[in-house]
1. Pick out the one residue from 167, 183 that is in contact with a Cys (Cβ under 8 Å, 6 or more places away or on another chain) and assigned by TED's automatic domain parsing to the domain that holds residue 103.
2. Specify the residue that is nearest to ligand 1 (Cβ to nearest atom); the eligible residues are those in region 1-20 that are open to solvent by less than 30 Å² (accessible area, probe 1.4 Å) and within 19 Å of the chain's Cα centre (by Cα).
3. Scan region 204-221 for residues that are away from ligand 1 (no atom under 11 Å from the Cβ), open to solvent by less than 50 Å² (accessible area, probe 1.4 Å) and either touching a residue at least 12 places away in the same chain (Cβ under 8 Å) or touching a strand residue (DSSP E or B) at 6+ places or on another chain (Cβ under 6 Å) (or both) and jot them down.
4. Within region 81-92, track down each residue that is within 16 Å of residue 203 (Cβ to Cβ) and either open to solvent by 20 Å² or more (accessible area, probe 1.4 Å) or touching a helix residue (DSSP H, G or I) at 6+ places or on another chain (Cβ under 6 Å) (or both).
5. Counting just the residues of region 178-203 that are under 12 Å from residue 77 (Cβ atoms) and not aliphatic (A, V, I, L, M), which one comes out least open to solvent (accessible area, probe 1.4 Å)?
6. Being basic (Lys, Arg) and closer than 25 Å to residue 54 by Cβ is the filter here, so list the residues in region 254-272 that pass it.
7. Take the residues in region 21-45 that are open to solvent by 20 Å² or more (accessible area, probe 1.4 Å) and in a loop (DSSP other than H, G, I, E, B), then tell me which one is nearest to ligand 2 (Cβ to nearest atom).
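The values are calculated or read from the model by the stated rules, or taken from the named source; none is laboratory data. Please read all numbers here as calculations on a predicted model, not as lab measurements. Don't worry about glycine lacking a Cβ; one is built from the backbone with ideal geometry, like all the others, and counts go over all protein chains shown. SASA here: full protein model, heavy atoms, side chains in, ligands and nucleic acids out. Shrake-Rupley method; radii C 1.70, N 1.55, O 1.52, S 1.80 Å.
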Amino acid sequence: MNAIVKTDFQIPGVKKIHTGKVRDIYEVEGKDLLVVIATDRISAFDVVLPVGIPFKGSVLNEVAFDFLGKAEAAGICDTWIVNKIHPMVTVGRKVKPFAIEMIVRGYLTGSLWREYNKGVRQICGLTLPDGMEEFEMFEMPIVTPTTKAENGHDENISPEEIVAQGLATKEEYEEMENVAIQLFDMGTEVAYKKGLILVDTKYEFGKTDCGEIILIDELHTPDSSRYWYEDSYWTAKTPRSLDKEFVRQWLISQGFKGEKNQQMPEFTKEFVEEISERYLELYDNIMGEKLVKTDYSLEEIEAAIKDFIEGMEEVEHPKTD
Ligand SMILES: Nc1ncnc2c1ncn2[C@@H]1O[C@H](COP(=O)(O)OP(=O)(O)O)[C@@H](O)[C@H]1O
Ligand SMILES: [Mg+2]
């Protein structure tokens, strides 16, 4: 099993502009088009871990592409996607991202539960009711936006502060909030039919040159979302999760929380395989079919990008002979 953790393609007209925690972003020069490669990198606590997870990139790219298509088909919002040119690569519109992440939560868990348990009731301009228990469902899904930090951790922020800081206008924020709730409802419905609960997730939006707000980045993937098995929610003390929460828990058990100067624990081959299996399990569940496990090579991915660029040039400059 192979894992792709780094790309460095030298393709004329295509330039690498950003290395995210998980994705490598290339730009088609002069076109406002992005070529986004979902690599097999994995991050936790905003730190890229020193291992690659086989098939993770394909799982993320395929699941995101499928959900982005569903969002458009349902008429919820326009998205950045143009084409999936390889199981690990999507081409789409480059837009100006809003510097916030829209987090929608259906249940009290994770970092919000830790805050709540300490007595915090005010969050992102909302007041949470007293007496809630861990994993309890909110009456209605709540939106808890965060800042999008270049480096380090994202911070909670209220809609008022977002507007005051000029991160979005009131109208823009309201539109994003409204779309985020609709997306969450759509994701919840898809998950529910597969015996899963979409617990919480994050959305990112960007603005086109014409001022249209579109959905960017990934959608309802196991990196951006928490999923629980629905049956375990009712039967188990802790719902069985299908996302990377168990990786975070393992890191914590090894004394690592992503803080500065903390030693990164050793990942065994077996543990990496287990993580890979979890991503595949989520894919199988949410897509209703097994992912065909394929070890893609860097050469194949590069060839797919070159084919796409050549195809694009042919459309623009058709051969007349
Ligand atoms: N259509 C788009 N236009 C501009 N930026 C985008 C678009 N889609 C995704 N991005 C940005 O590309 C990056 C995706 O790479 P990722 O590895 O997820 O990065 P991060 O470490 O920021 O999570 C994110 O910073 C995201 O905001
Ligand atoms: Mg990301």
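1. Numbers: 167 fails: in contact with a Cys (Cβ under 8 Å, 6 or more places away or on another chain).
Selected residue: 183, the only one of 167, 183 that is in contact with a Cys (Cβ under 8 Å, 6 or more places away or on another chain) and assigned by TED's automatic domain parsing to the domain that holds residue 103.
2. Taking region 1-20 as the starting set, the residues that turn out to be open to solvent by less than 30 Å² (accessible area, probe 1.4 Å) are 4, 7, 9, 11, 14, 20.
Right, trim to within 19 Å of the chain's Cα centre (by Cα) and you get 4, 20.
Working: 4: 13, 20: 2 Å.
It comes out as 20.
3. The first filter runs over region 204-221 and keeps only residues away from ligand 1 (no atom under 11 Å from the Cβ), leaving 209-213, 220.
Adding the requirement that they be open to solvent by less than 50 Å² (accessible area, probe 1.4 Å) leaves 211, 213, 220.
Once the filter is applied, which keeps residues that are away from ligand 1 (no atom under 11 Å from the Cβ), open to solvent by less than 50 Å² (accessible area, probe 1.4 Å) and either touching a residue at least 12 places away in the same chain (Cβ under 8 Å) or touching a strand residue (DSSP E or B) at 6+ places or on another chain (Cβ under 6 Å) (or both), region 204-221 yields 213, 220.
4. Just the residues of region 81-92 that are within 16 Å of residue 203 (Cβ to Cβ), to begin with: 81, 92.
If the condition is that a residue be within 16 Å of residue 203 (Cβ to Cβ) and either open to solvent by 20 Å² or more (accessible area, probe 1.4 Å) or touching a helix residue (DSSP H, G or I) at 6+ places or on another chain (Cβ under 6 Å) (or both), then 81 is the only one that fits.
5. Our first condition is that a residue be under 12 Å from residue 77 (Cβ atoms); within region 178-203, this holds for 178-183, 186, 203.
From the residues that got through so far, the ones that are not aliphatic (A, V, I, L, M) too are 178, 182, 203.
Values: 178: 87, 182: 76, 203: 1 Å².
The residue in question is 203.
6. Taking region 254-272 first, the residues basic (Lys, Arg) are 257, 260, 269.
Scanning region 254-272 gives a single hit, 269.
7. Only one residue tops the list, namely 21.
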